[in-house]
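Encoded as structure tokens, the structure appears first; notes follow it.
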Amino acid sequence: MRFHKIANVNKALDYIASKGVKLVSIGAEEIVDGNLKMTLGMIWTIILRFAIQDISVEGETNGRAAVGLDS
């Protein structure tokens, strides 16, 4: 059963990596074993990639338009 859990988590991690999230020092074994620090670190990395990066890109675009730098 553990093997199946690790295989499933590996598929999820591969998908996350394909979306441009850099996963450093985290593997499926840590998540399956319940390593809370590694899991929380991965979740925070995903949040940074998808939520905060989008906000900064929108803010930069709107800011450039406000000062007339966008055409």
Simple label model, 7 Å out from Cα along Cβ direction - Leu40 to Met1, nm: 2.7 nm
Trypsin sites (Lys or Arg not before Pro) lying in DSSP loop within region 4-48, provided at most 13 other Cβ fall within 10 Å: Lys19, Lys22
Solvent accessible area, Å² - Val24, 1.4 Å probe, full protein context: 110 Å²
Cα gyration tensor shape of region 2-53, rounded if a/c is under 1.5, else prolate or oblate by comparing a/b with b/c: oblate
Inter-probe distance in nm under a simple model that places probes 7 Å from Cα toward Cβ, at Ala12 and Glu29: 1.9 nm
Gained length - Val21 relative to Ile47, 0.36 nm times residue gap less alpha-carbon distance: 8.4 nm
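The values are calculated or read from the model by the stated rules, or taken from the named source; none is laboratory data. These numbers come from a predicted model, not from an experiment. Cβ: placed from backbone, ideal geometry, glycine included. Neighbour counts: every protein chain shown. Surface accessibility is based on the protein's heavy atoms, side chains included, excluding ligands, DNA and RNA. Shrake-Rupley method; radii C 1.70, N 1.55, O 1.52, S 1.80 Å.
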